[in-house]
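Only one structure is covered here, and it is reproduced in the block below.
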Amino acid sequence: MKELLLIAVGAALVNNVVLSQFLGLCPFLGVSKNVKTAAGMGGAVVFVITISSLVTSIIYNGILVSLHLEYLQTMVFILVIAALVQFVELFMKKSMPPLHKTMGIYLPLITTNCAVLGAALTNVSKNYGILQSVVNGVGISVGFTIAIVMLAGIRERIKYNDIPDSFKGSPIILVTAGLMAIAFFGFAGLI
Amino acid sequence: MKNQNMERIWNGIWKENPTFVMMLGMCPTLAVTTSLINGFAMGISTALVLIFSNILISLLRKVISDNIRIPAYIVIVATLVSTVQMLLQAYIPSLYTALGIYIPLIVVNCIILGRAESFASKNGIIVSAFDGLGMGIGFTIALTLIGLVREILGAGSVLGTVVIPKEYHITAFVLAPGAFFALAVLTALQNKFKAPSATNGDTNSCGAGCGSCGEKIGG
Amino acid sequence: MKQGRILKDALILFTITVISGLILGGVHELTKDTINNSSISAHLEAYKTVFPDAVDFKADDKLTDALKKSNEELPSQNYGNVGLDQALQAVDKSGTVLGYVITSHSNDSYDGLVQILVGINADKTMKGIEILELNDTPGLGQRAEEPEFKGQFAGKSGESLTVTKSGSAGAEEINAISGATITSRAVTNAVNAALYLMYHNALQ
């Protein structure tokens, strides 16, 4: 139990997926204009990464390892993730229309979000079992959500500030992200 | 004909440089550029995948219909990436460990699917190959430059040879925050000199670029 | 008409996937031996650096059993997520066992896995360590590969070592790399795993 908690906290805060692993930067910079959409994106990422961690780790540990086909992992994972995202979208549209309304537009963006494939690959490189993989996936995606919502909150304020011309637009966002990354170093003492 | 090929290379290096102008493939750009050699190796690996994926996709453009475009591209790119990964592991193991999971992550690099969609699927084999070559060189130059800057500032060295005494190292530059700051200053400079960049103006086109790339994939 | 197109598309996609799978299988077969060889020769070189006076490194059944037993017991020790991968006897020309070379790892490093090689003399003092696999930040965690850090382990004795940030390590302490305590601790715990094997299961 303690070990699982450490994995989750480590993935969410200490090795934050965006601020220290640089995975999922595009949505992090692109979909963080306001808190509401950022939270929507975060929710969709939590959903997809959790499911894909479960499925990819079952496939890896159950099929690829026993058939000695580990070298196919990249191909299998990306196909599983792409199919999964489509499937989740269809399923949501049919049986959970309200949820689809809030998250639906973010789902197609997620296939190319490298955090999803990154999570699946990290689970393999760290030799995690199925339960550990799911916990790690939840940690990673919650970490993503924390980071993107915080950045969106800051960006909503930055709009009203007087910023040097050349830093307007993405430079100031990158500086903000850098400062957040420094702040997240503080979590290193946690584990 | 020859001019067209040279134009593709120039286009990739300068006019539509994937990193500095198009702001594509940001994840590996920031993650592996802790040193010059890492940035260079990542650039070359990506360039190799890009050239061959452009060739293959251009070759198969008449066979692959619109409906199965995306899964087919993903399979082709994933095959190339896994091949590069195994070759690196076999012949340059030190780089393989240094680049880690960012090698398989080349699969989701927007540059590759982006070029496949917007160029290789509509153009001939040779010109597509040159397009991949140009984009690959442009990406490699960008990553090597960022790696060089971060290595000098952060570890005070060039290619592992220490050139700045230890007291003056700004360690933060080889860490995560430094990557953000380095890129921030770079894009700010581009804004300042009004260089053609996707970051000029209000629209944040990293999001738009990847977004449209993602939308196409979903659709 | 429509069904025919779907079938054709599916067939094309299937063909592409099969060909890709075959190509990957081929590349895997071609590179498999080189990958194994390069890791074996890299290890052999590392064995020699931690145990220069040995001429051969041999596997031993008793040692392998002790390793298995230790791996079962290690999770209950306070060393975090560590494990032992291999234990070999280091022997000289006449066949006398000089000590042991143990490959161990920790999953708690800054970027996940760190794998090290620990040389331990027959009298349980440390011969030295060598980093096999470490994927860390240059200038910080990666400095574990510099003699300043890894050289500290040579000559240490004791059942387990701890990391100190004070800068003046005692007899059973190791100075942390400044700014990379997590990595220092992971390496030290991997060493502790090897020591555990020696003290509790191998050399009774």
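If the chain between B:Ile164 and B:Val185 were fully stretched, how many nm would it gain, using 0.36 nm times the residue separation less the Cα-Cα distance?
Length gained between B:Ile164 and B:Val185: 5.4 nm.
Which three lengths, in whole Å and largest first, does the range C:1-142 cover when its Cα atoms are put on their principal axes?
Ordered largest first, the range C:1-142 gives principal extents of 81, 37, 36 Å.
If each residue of separation counts as 0.36 nm, what is the full-extension length gain between A:Ile59 and A:Ile105 once their alpha-carbon separation is subtracted?
13.8 nm
Peptide B:181-187: average number of partner chain Cβ atoms within 10 Å per residue?
6
Using a basic spin-label model with each label point 7 Å from the Cα along Cα→Cβ, how many nm lie between C:Asp61 and B:Ile92?
4.6 nm
With every protein chain left in place, what is the accessible area per residue of the range A:2-185 in square angstrom, probe 1.4 Å?
41 Å²
Which value, in square angstrom to the nearest 100, describes the accessible area buried between chains B and C on both sides, using a 1.4 angstrom probe?
Interface area, both chains combined: 2000 Å², rounded to the nearest 100.
Check each residue of the range C:95-115 and keep those whose accessible area, probe 1.4 Å, is at least 10 Å² smaller with all protein chains in place than in the chain alone; give them in order of residue number.
When all protein chains are present, C:Asn107, C:Tyr110, C:Asp111, C:Gly112, C:Leu113 each give up 10 Å² or more of accessible surface.
Which of the peptides A:121-127, A:14-20, A:157-163 is most tightly packed, and how do the rest follow, judged by the mean count of other Cβ atoms within 10 Å per residue?
The densest-packed peptide leads the list: A:14-20, A:121-127, A:157-163.
Stick to the Cα atoms of the protein assembly as shown, pair each with every other, and give me the Kirkwood hydrodynamic radius in Å at one decimal.
It works out to 25.6 Å.
With all protein chains present and a 1.4 Å probe, how do C:Asp56, B:Asp131 order by accessible area, largest first?
The ranking, largest first, comes out as C:Asp56, B:Asp131.
Find the percent of Cα-Cα distances in the range B:117-187 that exceed 17 Å, and round it to a whole number.
Result: 55 percent of Cα pairs exceed 17 Å.
For the range A:2-185, state the semi-axes of the equivalent ellipsoid (square roots of 5 times the eigenvalues of the alpha-carbon gyration tensor), sorted largest first and rounded to whole angstrom.
For the range A:2-185, the ellipsoid semi-axes come out as 30, 20, 14 Å.
Using the per-residue mean of other Cβ atoms lying within 10 Å as a proxy for protection, in what order, highest first, do the peptides B:14-21, A:34-41, A:59-66, A:109-116 fall?
Those peptides, ordered most packed to least, come out A:109-116, B:14-21, A:34-41, A:59-66.
Per residue of C:160-167, count partner chain C-beta atoms within 10 Å of its C-beta, then hand back the mean as an integer.
Other-chain Cβ atoms within 10 Å of each residue's Cβ, averaged: 0.
Between A:Glu70 and B:Val63, with labels modelled 7 Å along Cα→Cβ, what's the label distance in nm to one decimal, could you check?
Placing both labels 7 Å along Cα→Cβ, they lie 3.2 nm apart.
Which FRET efficiency, nearest 0.05, do C:Val97 and B:Asn3 yield, Cβ-Cβ r, R0 56 Å?
According to the calculation, E is roughly 0.20.
Per residue, how large is the accessible surface of chain B? Use a 1.4 angstrom probe and give square angstrom.
Using a 1.4 Å probe on heavy atoms only, each residue of chain B averages 39 Å².
Ignoring ligands, DNA and RNA and using a 1.4 Å probe, state the total buried accessible area between A and B in Å², rounded to the nearest 100.
Summed over both sides, the interface buries about 3600 Å².
Once label points are set 7 Å from the Cα along Cα→Cβ at both C:Ala10 and C:Gln77, what is their separation, rounded to one decimal in nm?
5.6 nm
Probe radius 1.4 Å, ligands and nucleic acids ignored: give me the carbon and sulfur share of the accessible area of the range A:2-185 as a rounded percent.
In the range A:2-185, the share of accessible area belonging to carbon and sulfur is 71 percent.
In chain C, which whole DSSP H runs stretch at least 24 Å along their own axis (Cα) and average -1.0 or higher on the Kyte-Doolittle scale?
C:2-50
Per-residue counts of other Cβ atoms within 10 Å, averaged by peptide: what ranking do you get for B:114-126, C:5-17, highest first?
B:114-126, C:5-17
How much accessible area per residue does the range C:104-181 have, counting only protein heavy atoms and a probe of 1.4 Å, in square angstrom?
40 Å²
Check every DSSP H run in chain B and write down those whose alpha carbon atoms cover 30 angstrom or more along the long axis and whose mean Kyte-Doolittle hydropathy is 1.6 or greater.
Helices meeting the span and hydropathy rule in chain B are B:36-59, B:125-150.
Can you give me the span-like helices of chain A, meaning DSSP H runs with 24 Å or more of Cα extent along the axis and Kyte-Doolittle mean at or above -0.5?
Correct list, ordered by number: A:35-59, A:73-95, A:130-158.
Reachable lysines from B:Lys122, Cα under 25 Å, same-chain residues fewer than 8 places away excluded?
Hits, sequence-local ones excluded: B:Lys2, B:Lys15, B:Lys62, B:Lys216, C:Lys2, C:Lys8.
Mind checking the mean number of beta-carbon atoms from other chains within 10 Å of the Cβ atoms in B:107-119?
2
Of the listed pairs A:Lys126/C:Lys127; B:Lys166/C:Lys127; C:Lys68/C:Lys150; A:Lys101/B:Lys192, which have alpha-carbon separations greater than 32 Å here?
Pairs exceeding 32 Å: A:Lys101/B:Lys192.
The values are calculated or read from the model by the stated rules, or taken from the named source; none is laboratory data. All values reported here derive from a predicted model rather than from experimental measurement. Cβ sites come from the backbone with ideal geometry, for glycine too, and all protein chains shown count toward neighbours. Only protein heavy atoms, including side chains, enter the accessible area calculation; ligands, DNA and RNA are left aside. Shrake-Rupley method; radii C 1.70, N 1.55, O 1.52, S 1.80 Å.
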